[in-house]
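Peer 1: Have a look at this one before I ask anything.
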Amino acid sequence: MEHDNYVLEMKNIGKLYSGNRVLKDVTLRLRPGEIHAVLGENGAGKSTLMNILFGMPVIHTTGGHEGEILIDGKVVAIDSPFESMKLGIGMVHQEFMLIPGFTITENIKINREITRPNIASRIFGPALKSLDMEAMDSDARKALDTIGLNIEEWTKIAGMPVGYMQFVEIAREIDKADMKIIVFDEPTAVLTESEADALLKAMKVIADSGIAILFITHRLDEVMTIADNITVLRDGELVRTLAKTETNAFQLAELMVGRKVEKIVQDSSSMTKSEIAVSIRGLKVLMPGENVRQVDLDVFAGEIIGIGGLGGQGKIGIANGIMGLYPAAGQVSIFGKPLALSDTKAAYEAGLAFVSEDRRGVGLLLDSSIEINIAFTAMQMRNSFLHRLGPFSQLAYGKIRKHALKKIADLDIRCTGPMQLTRRLSGGNQQKVCIARALALDPKILFVSEPTRGIDVGAKKIVLETLVKLNRELGMTIIMTSSELAELRSICQRIAIICGGRVEGILSPDASDVDFGLMMAGDYHKFRGKEVV
Amino acid sequence: MKRNFLFDNMVVLLFVAITGIGIWFSGLSLGFVVMDLVTRIARNGLMVVALLIPVTAGMGLNFAVILGAMAAQIAIIAVIHWQIAGISGILLATLLSTPLAILFGIFIGRLLNKTRGQEMITSMIAGFFADGLYMLLLMVIVGTLIPLRNPQIMLPHGIGILNTVDLAILRGAVDDLYRLSFPHFMVLVAVIFLSIGAWFQYSTRGSRQPSAKKALPFFLIAGAAAISFVLTRSPDSSFVIVSVPVVTFAIIGLACAFLGFIATTKLGQDFRTVGQDQHVAKISGIDVDKTRIIAITISTVMAAWGQILLLSNLGNLSTYGSHISVGVFAIAALLIGGATVTKATVGQALTGLVLFHTLFLVSPMAGRNLLGDAQLGEFFRVFIAYGVIAVSLAMYAWKRAYAGKRQLRS
């Protein structure tokens with residue numbers, strides 16, 4: 001193998017986070033002018049791989065990585081972002097590293113401003129050198145022209161369409177001298193279709209100038225349009241590296257998702273469509289990073305419905321919006337009765353309860369006991385567990401204790417007793433306390449978000465079984481949001497996939513990996529062009 | 001994007017209206033108002049301008065300017081002790097206060113770097129804390145650990161500085177260097193602003209950028225000054241008795257020009273970058289902490305110089321009181337001009353100075369005429385100063401919340 005052919009080689013890269021393996025033996029090779037796509041679900045290890053390439057502090061404060069990185073055939077040690085910048089590695093960030101109050105030029109030239117000396121700078125040092133705006137503008141213009149963005153370089157970023165912001169990021173990278181490799185981190189995630197097309201064209205132009213491109217994405221059609229080679233990651237491992245010519249979108253979708261599903265519910269198909277419990281029309285939620293644009297969804301009474309999709313597509317925002325934790329608009333009705341949005345109390349009164357994805361943040365009072373945590377919401381909302389003494393109220397400790405002991409037994413919460421602080425519990429037991437707290441409200445409909453995030457495999461199964469039990473024995477309608485497709489498929493009767501803040505489609509848990517992969521990538525209708533369920 | 005003029009400028013417009021009503025009800029003559037206003041602007045101008053750089057650097061309103069004021073007062077006491085009179089006394093006080101102010105600025109900057117996100121409350125509390133140390137120094141340490149003997153400025157028992165120190169030998173040292181009558185000063189202003197405007201117009205003529213057209217406000221001010229001259233030049237106008245301390249205004253003007261210059265340098269660009277987004281600044285390799293310390297240090301030094309101007313204008317020093325409210329008053333003036341905790345310009349500082357001090361001048365009279373009690377008028381002033389800060393901060397928050405709602409509806 002001739003080293004001199006590759007601008008970048010990452011050999012046998014591995015990474016452990018405090019004993020947890022997130023990346024194992026991944027090898028990636030890149031030629032000058034090549035567009036190389038890295039494909040994978042959330043948690044597949046894409047961002048860890050890029051963090052390693054960029055020498056991000058998060059890698060080096062947790063014990064470095066395995067394997068070696070070669071640039072132009074020479075082994076390099078990338079231990080800081082500045083080092084990687086010096087080596088000619090650029091990054092187009094997913095969340096924009098742009099300053100909205102600045103013009104395009106100012107953003108492109110950030111901390112690389114062109115200056116000229118004046119009297120003050122000769123006396124007081126280079127910090128007082130004047131900015132040479134004209135030279136900066138002309139450099140910016142050149143970079144913008146290269147990628148074909150026809151907009152005045154003195155326009156402010158604020159108020160610009162997001163598509164343009166993406167281009168400004170790119171312009172900033174190509175304006176840097178000696179750029180060898182540019183990483184595009186899901187650049188089209190926030191773009192409209194025509195913007196995405198323009199972006200792909202710009203990438204082609206950049207690649208043709210000899211710069212190698214690493215294209216991180218989950219959109220299969222784009223990969224098929226533009227990439228020369230494709231690497232698929234899954235669960236931190238390299239699945240395959242393929243040339244575009246030898247594969248197709250269906251195969252890629254399967255490689256990306258493919259995983260054994262362990263079924264907890266066996267008879268998912270036996271569900272009969274009953275009364276509509278929750279009807280969602282035109283829901284819009286402003287949750288930073290998880291914006292919901294336009295969701296229409298019906299949930300039937302007595303079912304477990306899964307809400308899946310990739311991170312940042314808005315699946316998390318749905319439950320948060322309905323429960324009034326983030327500003328929301330649209331029509332939601334519960335058993336036919338309209339629900340006031342942005343009003344958490346109204347949501348509880350309508351018979352909803354919510355187990356938040358942010359367990360330690362909003363889910364628990366970490367420095368309070370298990371029994372108080374379980375009773376807390378019910379006290380606030382229902383005045384249960386309280387003695388009323390005229391205008392005053394007092395905790396009814398006896399009732400709280402009895403209730404807590406029952407729940408600890410029911411849900412098998414492993415603890416030293418109801419007085420234990422929830423901070424000291426393991427993730428799985430904390431999650432059970434959250435569920436117990438939601439149950440104290442006797443909800444008819446339970447929203448559960450990311451119930452198994454950050455808890456170990458054994459506890460995961462117990463949490464999922466608990467949900468199934470609630471559904472079976474109490475007839476509770478459960479709306480479960482999760483990033484882990486496998487767990488949705490293990491207990492849900494239907495799974496709605498959210499992409500770009502909309503429902504891309506609803507699948508049965510038995511649908512093929514290919515269908516799930518295509519839907520999560522937002523390409524389902526492009527490739528299949530038919531509706532299911 | 002279409003911008004809503006009323007919505008964007010509602011703070012300023014509200015206070016323009018209140019000031020107008022105040023002038024009307026005070027029954028004061030315009031000549032009198034302008035005469036007092038000129039003195040007050042000369043006195044307080046530099047202190048307000050000193051607030052601008054920390055706002056640009058994203059550190060909010062620097063309540064710690066009172067540390068600068070303390071540095072100035074310590075220097076002034078030293079100058080009085082040595083009995084150095086006139087302009088040389090002022091220059092020496094400036095020279096002495098500067099290293100002190102730089103030191104205080106670095107301290108405050110380092111403190112604020114440790115309390116990111118709460119700069120305003122930290123700088124306010126740091127001001128109170130520093131006030132305690134200042135009192136300790138001047139009440140207890142002077143005369144004991146520092147063996148100072150000077151009955152003119154010290155309490156009879158030999159420990160501590162007098163409550164009020166007479167600054168007669170420094171009084172008017174700057175203001176009286178060169179004075180012009182109001183109409184003549186207007187001619188000077190018109191000429192200066194016309195030339196600056198012309199220079200901007202000429203130097204940016206070739207540029208296609210719309211933002212390069214900075215000349216317009218200068219032409220407008222020059223025009224307004226020319227009109228003022230025409231209206232006030234007749235010998236029997238009440239404005240002729242208004243005499244303007246030209247050198248003081250020149251110093252304030254130079255401070256503004258300095259800020260304008262800083263804005264066009266690498267350092268100014270760093271201030272803005274840090275102010276807009278510390279994370280992006282850091283990733284781009286800017287030393288965020290150092291930039292913030294420089295910003296707060298410049299502010300503290302300018303505040304010290306501002307306090308020296310103020311004291312030499314007043315002619316006496318209330319040792320334990322002169323510095324207390326300068327921060328609050330300067331901040332109120334800046335906010336009234338339409339500045340916010342995230343954006344403040346020289347123009348807003350100047351507008352705010354005029355509005356705030358007019359309000360300050362006319363409110364006691366207006367209060368008395370409206371409510372029939374001279375005592376109440378005095379309360380009005382305090383009410384105005386703190387009320388302005390509360391109202392403009394609340395309006396700022398409300399505007400942001402409203403903008404968020406509009407975004408959801410679209």
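Read-outs: derived from the displayed coordinates by stated rules, not from any lab. On a predicted model such as this, the values are computed, not experimentally measured, just so you know. When we count neighbours, we look across all protein chains shown, and the Cβ atoms used for this are built from the backbone with ideal geometry, even at glycine.
Peer 1: Mind listing the phi-derived Karplus ³J(HN,Hα) values for region A:396-403, rounded to whole Hz, using 6.51, -1.76 and 1.60 with θ = phi - 60°, and x for any glycine or proline?
Peer 2: Karplus values, whole Hz, x for Gly and Pro: 8, 4, x, 5, 4, 5, 4, 4.
Peer 1: Assuming a ≥ b ≥ c are the square roots of the Cα gyration tensor eigenvalues, decide whether the protein assembly as shown counts as rounded (a/c under 1.5), prolate (otherwise, with a/b larger than b/c) or oblate.
Peer 2: It is prolate, given that a/c is not under 1.5 and a/b is the larger ratio.
Peer 1: In addition: Through the Karplus equation 6.51 cos²θ - 1.76 cosθ + 1.60, θ set to phi - 60°, convert the phi angles of region A:106-117 into ³J(HN,Hα) values in whole Hz; use x for Gly and Pro.
Peer 2: Each residue's phi maps through the Karplus curve to give 4, 6, 5, 9, 4, 6, 10, 4, 8, 10, 10, x Hz.
Peer 1: Taking A:LYS142 as the anchor, which aspartates and glutamates have their alpha carbon closer than 18 Å to its alpha carbon, excluding any fewer than eight residues away along the same chain?
Peer 2: Cα-Cα hits under 18 Å: A:GLU106, A:GLU113, A:ASP132, A:GLU134, A:GLU152, A:GLU153, A:GLU169, A:GLU173, A:ASP175, A:ASP178, A:ASP208.
Peer 1: Determine, for A:LEU70, A:LEU144, the number of other Cβ atoms within 10 Å of each Cβ, and report the residues in order from fewest to most. Please list the in-between numbers first.
Peer 2: Details: A:LEU70 16, A:LEU144 24.
So the ranking, lowest neighbour count to highest, is A:LEU70, A:LEU144.
Peer 1: Related question: Would you look at the GNM of chain B, springs on alpha carbons closer than 10 Å, and say which of B:ILE125, B:ILE192, B:ILE23 moves the most?
Peer 2: Judging by the Gaussian network model, the answer is B:ILE192.
Peer 1: If you average 1/r over all unlike Cα pairs in chain A and invert the result, what Kirkwood radius do you get in angstrom?
Peer 2: The answer is 25.7 Å.
Peer 1: Using square roots of five times the C-alpha gyration tensor eigenvalues, list the equivalent-ellipsoid semi-axes of region A:99-178 in whole Å, biggest first.
Peer 2: Working through the eigenvalues yields semi-axes of 26, 13, 10 Å.
Peer 1: Going by the alpha-carbon gyration tensor, a ≥ b ≥ c the square roots of its eigenvalues, is region B:5-409 rounded (a/c under 1.5) or, if a/c is not under 1.5, prolate (a/b greater than b/c) versus oblate?
Peer 2: rounded
Peer 1: Express in whole angstrom the spacing between the alpha-carbon centres of region B:371-403 and region A:117-168.
Peer 2: 41 Å
Peer 1: Tell me, A:GLU473, A:GLU173, A:GLU152 in order of fewest to most beta-carbon neighbours within 10 Å?
Peer 2: A:GLU473, A:GLU152, A:GLU173
Peer 1: On a 28 Å Cα-Cα criterion, which of the cross-link pairs A:LYS315/A:LYS444; A:LYS46/A:LYS461; B:LYS214/B:LYS343; A:LYS15/A:LYS176; A:LYS86/A:LYS204; A:LYS402/A:LYS444 come out too long?
Peer 2: Check vs 28 Å cut-off fails for A:LYS15/A:LYS176.
Peer 1: Taking every pair of Cα atoms in region A:30-105, average 1/r, invert it to obtain the Kirkwood radius, and report Rg/Rh to two decimals.
Peer 2: 0.99
Peer 1: On to the next question. Going by amide H atoms built from the backbone, whose H comes under 5 Å of the H on A:PHE354, apart from near neighbours?
Peer 2: Distant-sequence amide H within range of A:PHE354: A:PHE447.
Peer 1: Name the residue, out of B:LYS266, B:LYS343, B:LYS214, whose mean-square fluctuation peaks in a Gaussian network model built on chain B with Cα pairs under 10 Å.
Peer 2: B:LYS214
Peer 1: How would region B:1-129 be classified by its alpha-carbon gyration tensor: rounded, prolate or oblate, with rounded meaning a/c under 1.5 and the a/b versus b/c comparison settling the rest?
Peer 2: Note, shape of region B:1-129 comes out oblate.
Peer 1: Just B:SER228, B:SER363, B:SER312 to compare: in a GNM of chain B, with alpha carbon springs under 10 Å, which one fluctuates most?
Peer 2: The residue with the greatest mean-square fluctuation here is B:SER228.
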